[in-house]
Amino acid sequence: MRSHYCGHLNESSLGQDVELCGWVHRRRDHGGVIFVDLRDREGLVQVVFDPENPETFMTAERVRSEYVLRIKGTVRHRPAGTENPNMATGQIEIACQSLEILNRAEPPPFSVVDAISDESEVNEETRLRYRYIDLRRPQMLQRLRMRAQVTRTLRGFLDAQGFLDVETPILTKSTPEGARDYLVPSRTHPGEFFALPQSPQLFKQLLMMGGLDRYYQIVRCFRDEDLRADRQPEFTQIDIETSFMDEDQIMNLKEDMLRELFAEVLEVALPKPFPRMTYAEAMARFGVDKPDLRIPLELVDIGDLMKNVDFKVFSGAANDPKGRVAALRLPGGGALSRKEIDDYTQFVAIYGAKGLAYIKVNDRAAGREGLQSPILKFIPDDVVEAILARTGAENNDLVFFGADKATVVCESLGALRIKLGHDRGLVEREWRPLWVVDFPMFEWDEKANRWSALHHPFTAPTVNDIEQLEANPGAALSRAYDMVLNGTEAGGGSIRIHRPEMQAAVFRILGIGEEEARDKFGFLLDALTYGCPPHGGIAFGLDRLVMLMSGAQSIRDVMAFPKTQTAACPLTSAPSPVGDTHLRELGIRLRATTTAA
């Protein structure tokens with residue numbers, strides 16, 4: 001039906017007769033001549049309807065926004081002075097000879113034209129309810145085009161490295177992997193359920209046991225968990241697994257993959273090699289295990305200076321084995337008003353902090369007289385001087401303090417660091433990748449009163465001695481590694497357990513008994529006894545990668561049909577009730593409810 005895309009026309013097309021199809025982006029009537037900007041996937045072109053062609057002109061008078069048209073015409077230069085440098089086709093226009101209205105359009109619920117400049121002006125639920133209109137916006141088209149280019153580039157790299165693209169089941173067994181499973185009832189096995197996979201974790205390990213050696217898959221995953229900007233109930237993962245490679249080899253290979261991806265898609269050269277940081281160092285310096293290295297602010301431990309001060313908030317945390325006292329210096333922060341400080345105090349309260357102490361440095365040389373703080377009276381001069389020296393505080397700086405359980409201090413000051421960086425314009429405009437390594441193998445679950453796996457129960461520990469591992473689980477490190485990009489966890493992986501006796505030991509530490517282990521993971525435990533190779537892998541969040549690379553604020557803006565933050569689809573009204581007949585076929589009986597009169 002067409003000879004060209006609208007956006008592909010340029011001065012090399014002058015004099016050609018063309019046939020175009022697309023949507024009416026804008027319509028303008030200027031003194032008897034009608035102009036239409038016709039839009040398709042590749043861009044816009046101006047079409048001119050002249051009254052000298054009365055039949056076509058009369059049809060053009062009926063055209064409105066978002067009508068679908070087919071036109072035939074000739075490419076010509078725009079008149080001098082009317083060129084549009086903001087359009088790729090701004091030097092030319094189409095003199096229309098024939099116009100066909102393929103379909104009319106009701107007035108859209110929001111303007112595609114207006115939404116181009118600021119999509120935040122349109123309610124997101126409305127955008128998702130009419131997603132097929134939202135997708136017409138150039139931003140959305142560009143993001144989905146980038147997503148396709150990203151997947152194409154990744155496939156090319158992995159294929160060239162000898163990885164095989166293998167599909168794994170969507171209907172599988174429910175296994176605990178950190179979030180709730182989405183369950184699918186079985187009609188042929190009444191009362192029993194499949195689960196949608198949270199990841200292909202066990203299957204990709206089984207592929208290694210099957211001798212495939214190098215596997216990858218761009219795969220849909222499902223997790224029933226609370227949502228936020230970078231989470232969805234269904235998401236896409238770049239899943240990778242390989243045999244006979246250690247963590248350094250895997251990380252080096254994935255660095256090469258990301259460097260090629262950024263060079264191909266964004267023409268950006270990522271560093272070589274990527275820096276690496278231990279989990280302990282990341283928590284100490286930044287309060288989080290996914291630090292944004294673009295922000296030049298760091299936490300500084302001062303617990304040793306606070307053990308004997310009269311201020312119990314500080315001394316209590318400093319003498320608590322699970323406590324932490326840390327400082328965060330904000331250069332130029334002396335200009336903050338009391339209201340701004342109070343606002344930041346309310347912000348850290350979200351993370352459990354009971355307050356936010358501070359010292360303003362007005363004149364460093366004037367000693368205590370040059371400082372401003374409600375806590376100075378509780379802290380000796382020598383301790384104050386030591387704090388300022390350790391944090392590197394200078395005139396017009398402000399030093400914030402956190403004192404509490406280490407987890408509270410890390411979460412509150414870590415979040416404050418990021419907020420200050422953005423609020424004060426301190427975020428560098430560059431890409432800062434980072435590997436975080438040496439994670440704890442286990443973390444203590446206070447509520448359950450037992451150990452839990454920090455990553456997942458199939459991650460290998462750094463120690464091979466089972467007795468040593470079981471004697472002190474809290475000291476064990478894992479062979480896990482996370483890829484962090486500008487403060488976002490873009491991917492994570494580990495070397496897996498390949499010895500059955502080590503897997504059994506980890507299950508024991510996690511409180512998973514032999515019967516439960518056989519019930520949930522029997523097929524994996526059996527496979528480990530039949531010659532399992534050393535293996536490991538990594539998974540990258542495709543949605544997160546594209547979100548970061550495209551500059552989008554949410555992964556919803558790089559998905560064609562996402563869910564809302566309540567895990568609902570306004571477009572299709574999913575989830576929705578299912579008829580009683582269907583439920584009976586599945587062996588599901590809903591408890592009857594009664595409504596009070």
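Observations, loosely collected:
- Single match in Ala527, Ala567, Ala560 (criterion: within 20 Å of Pro197 (Cβ to Cβ), in a loop (DSSP other than H, G, I, E, B) and among the small types (Gly, Ala, Ser)): Ala567
- Of the residues contained in the stretch 523-543, one or more are found to be crowded, with 20+ Cβ neighbours inside 10 Å, more than 30 Å from Thr462 (Cα to Cα) and either touching a residue at least 40 places away in the same chain (Cβ under 8 Å) or not basic (Lys, Arg) (or both).
- Exactly one residue out of Glu369, Glu385, Glu394 is surrounded by fewer than 20 Cβ atoms within 10 Å (Cβ to Cβ), assigned to a helix (DSSP H, G or I) and in contact with a helix residue (DSSP H, G or I) (Cβ under 9 Å, 6 or more places away or on another chain), and it is Glu385.
- Considering residues of the stretch 303-338 that are without any contact (Cβ under 8 Å) to a residue 40 or more places away in the chain, over 20 Å from Arg390 (Cα atoms) and in a helix (DSSP H, G or I) only, the residue nearest to the chain's Cα centre (by Cα): Arg338
- Selection status of Leu206, in the same structural domain as Ala490 (by TED's automatic domain parsing), closer than 23 Å to Pro533 by Cβ and either over 23 Å from the mean Cα position of the chain (by Cα) or touching a residue at least 60 places away in the same chain (Cβ under 8 Å) (or both): yes
- Flag if Leu227 is touching a residue at least 60 places away in the same chain (Cβ under 8 Å), surrounded by 20 or more Cβ atoms within 10 Å (Cβ to Cβ) and farther than 30 Å from Phe523 by Cβ: no
- Within the stretch 397-437, the set of residues being surrounded by fewer than 18 Cβ atoms within 10 Å (Cβ to Cβ) and of a type in the set (Ser, Thr, Tyr) comprises just one member, Thr407.
- Against the conditions (1) part of a loop (DSSP other than H, G, I, E, B); (2) assigned by TED's automatic domain parsing to the domain that holds Pro200, Val288 satisfies every one except (2).
- Any hit, the stretch 46-55, residues being loosely packed, with under 14 Cβ neighbours inside 10 Å and either among the hydroxyl-bearing types (Ser, Thr, Tyr) or under 16 Å from Arg137 (Cα atoms) (or both): no
- Some residue of the stretch 505-516 being farther than 28 Å from Ser452 by Cα, among the hydrophobic types (A, V, I, L, M, F, W, C) and crowded, with 18+ Cβ neighbours inside 10 Å: no
- Annotation note: of Leu99, Leu69, the sole residue that is part of a strand (DSSP E or B), within 41 Å of the chain's Cα centre (by Cα) and free of Cβ contacts under 8 Å to residues at least 60 places away in the same chain is Leu69.
- When the residues of the stretch 194-221 are filtered to those that are part of a strand (DSSP E or B) and touching a Lys or Arg at 6+ places or on another chain (Cβ under 9 Å), the one that is farthest from Pro575 (Cα to Cα) is Tyr215.
- Flag for Ile170 being modelled with pLDDT of 95 or more, part of a loop (DSSP other than H, G, I, E, B), more than 30 Å from Leu38 (Cα to Cα) and of a type in the set (A, V, I, L, M): yes
- Which listed residue, of Arg70, Arg39, is touching a His at 6+ places or on another chain (Cβ under 9 Å), basic (Lys, Arg) and modelled with pLDDT of 95 or more: Arg39
- Any hit, the stretch 509-522, residues being in a loop (DSSP other than H, G, I, E, B) and out of contact with any strand residue (DSSP E or B) (no Cβ under 8 Å at 6 or more places or on another chain): yes
The values are calculated or read from the model by the stated rules, or taken from the named source; none is laboratory data. The structure presented is a predicted model; accordingly, all values stated were derived computationally and were not measured. When we count neighbours, we look across all protein chains shown, and the Cβ atoms used for this are built from the backbone with ideal geometry, even at glycine.
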